[in-house]
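Only one structure is covered here, and it is reproduced in the block below.
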Amino acid sequence: MGARIALRARVSARVRALRPSETLSLSARARELRARGESVVSFAAGEPDFDTPEHIRRAAIEAIDAGHTRYTDVAGTAALREAIAAKLARGNGLQYGAREIVVSNGAKHSIWNALFTLCEPGDEVLIPVPYWVTFPEIVRLVGAVPVPVAPSPGTYKVTPADLDRAVTPRTRLLILNSPNNPSGAVYGREEIDAIAKVVLRHDLFVLSDEIYENLIYSGERHVSIAESPGLRERTVLVNGVSKTWAMTGWRVGFAAAPTDVAEGMERLQGQSTSNPSSVSQQAALRALTGGMEQAYAMRDKFAARRDLVVEKLTRIPGVALRPPEGAFYAFPDLSERIRRAKNGVKDSVGLCDYLIDEARIVCVPGSAFGMEGHLRLSYAVGEREIHDGLDRMSAALQRM
């Protein structure tokens, strides 16, 4: 016991206060069950189940053979930053110079850099609910205060009025995530422009997480808040290659920001991780310059899976679902099922535990995203697993 107390004393209060990532923890539990020979269907993963396209993998091999294995500039190679700037101009109508681009070890790292660069201790950060599990944790690490903003009833989006009510003299920044993880909600042009007016009125900054930009199923073009009048100079736009090109393990994300903010993020990165992997940067360069055909093919498969998930979930009594417009998650509301449970299940965490124990299916509780009563289900799994897993869920809920 004495040794355990001494060990705890060596771990800082800020790290002890960190909550483990529910998504990563549940994915690990699924792997453990499979390793024991159990038949498990996991809806917990936040990554595509496809292989990285072959032409991108080949670029990495060519990079190794060509000797691209040394340090690069802290903010990424000039060629990659120029390709990112070209992508933003082509796809979003946004003009950035290479010095306004910082390439990092994944979009999560870009978010970390942005929040540490923009926020002072005690600043308040508005985070619309539901939110990605990591947003409030990084805000707390910075010393700032996460302020969840509940969505308007019947939606998974916040309105200008919702944001106005949440702003105080300490408010520094708004985090906006569209398409949204976990709900799949997508903000349209008018909604984005209306939120932009709130940002201008209250003199705020925006961290815009756009990692699911190319996974929208309505045919509409993704809208970045940096496109709204007056917002480019107030926005850190975060994106990456992980979701669009199935490159989660390559760890390449990027941020586009005003020059002074980008320079601050580069200084911070220079004293922490330095540059991202040189080989991964060459692969990301090929992804950004090699055409979108395979990315769109993956998106079309996700769309078919989304339709299947929506069809099967809406057939289950007591499950309410707003069909996701983007990303690759469904976020059903099972509050009615939880209220009627006769087996001791009282919340979304208990429901997830029950589904793992009773049906060997893994979901993520809505409480991890700030919205109790819901579950997040990733449809980055094969159609056979979707059929099997949701049939198991339906049967388990009937028994509950």
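The set of residues in region 95-119 that are open to solvent by less than 20 Å² (accessible area, probe 1.4 Å) and either of a type in the set (A, V, I, L, M, F, W, C) or part of a strand (DSSP E or B) (or both) comprises ILE101, VAL102, VAL103, SER104, ALA107, ILE111, ALA114, LEU115, LEU118, CYS119. The C-beta contact set for region 10-32 (first residue of a type in the set (Asp, Glu), second residue part of a loop (DSSP other than H, G, I, E, B) and open to solvent by less than 70 Å² (accessible area, probe 1.4 Å), distance under 9 angstrom, 6+ apart or interchain) comprises GLU22/ALA44; GLU22/VAL133; GLU32/GLU38. From the list ARG286, ARG322, the one residue that fits, being more than 19 Å from ASP391 (Cα to Cα) and outside any helix (DSSP H, G or I), is ARG322.
Within region 146-183, restricting attention to residues that are more than 21 Å from ALA107 (Cα to Cα) and of a type in the set (Val, Ile, Thr), the residue that is surrounded by the most Cβ atoms within 10 Å (Cβ to Cβ) is VAL158.
Go through region 252-275 and give me each residue that's assigned to a loop (DSSP other than H, G, I, E, B) and touching a Ser or Thr at 6+ places or on another chain (Cβ under 6 Å). Before you say what the answer is, go through the steps one by one.
Taking region 252-275 as the starting set, the residues that turn out to be assigned to a loop (DSSP other than H, G, I, E, B) are 252, 257-258, 271-275.
Of everything in region 252-275, those that are assigned to a loop (DSSP other than H, G, I, E, B) and touching a Ser or Thr at 6+ places or on another chain (Cβ under 6 Å) turn out to be VAL252, ASN275.
Within region 44-94, the set of residues being farther than 14 Å from MET247 by Cα, outside any loop (DSSP other than H, G, I, E, B) and either of a type in the set (Phe, Trp, Tyr) or open to solvent by 90 Å² or more (accessible area, probe 1.4 Å) (or both) comprises ILE61, ILE64, ASP65, GLU82, ARG90. ASP307: in contact with a helix residue (DSSP H, G or I) (Cβ under 9 Å, 6 or more places away or on another chain) and either open to solvent by 20 Å² or more (accessible area, probe 1.4 Å) or farther than 15 Å from SER183 by Cα (or both), yes or no? The answer is no for ASP307.
Among the numbered conditions (1) among the β-branched types (Val, Ile, Thr); (2) open to solvent by less than 60 Å² (accessible area, probe 1.4 Å); (3) within 20 Å of LYS108 (Cα to Cα); (4) over 19 Å from the mean Cα position of the chain (by Cα), the only one that THR273 does not meet is (2).
Looking only at region 189-205, decide whether some residue is in a strand (DSSP E or B), on the phi < 0 side of the Ramachandran plot, open to solvent by 10 Å² or more (accessible area, probe 1.4 Å) and in contact (Cβ under 8 Å) with a residue 24 or more places away in the chain. Taking every residue of region 189-205 in turn, at least one turns out to be in a strand (DSSP E or B), on the phi < 0 side of the Ramachandran plot, open to solvent by 10 Å² or more (accessible area, probe 1.4 Å) and in contact (Cβ under 8 Å) with a residue 24 or more places away in the chain.
The values are calculated or read from the model by the stated rules, or taken from the named source; none is laboratory data. Computed from a predicted model, the values in this text were never measured in an experiment. Here Cβ is always computed from backbone atoms with ideal geometry, including for glycine, and neighbour counts include all displayed protein chains. Surface accessibility is based on the protein's heavy atoms, side chains included, excluding ligands, DNA and RNA. Shrake-Rupley method; radii C 1.70, N 1.55, O 1.52, S 1.80 Å.
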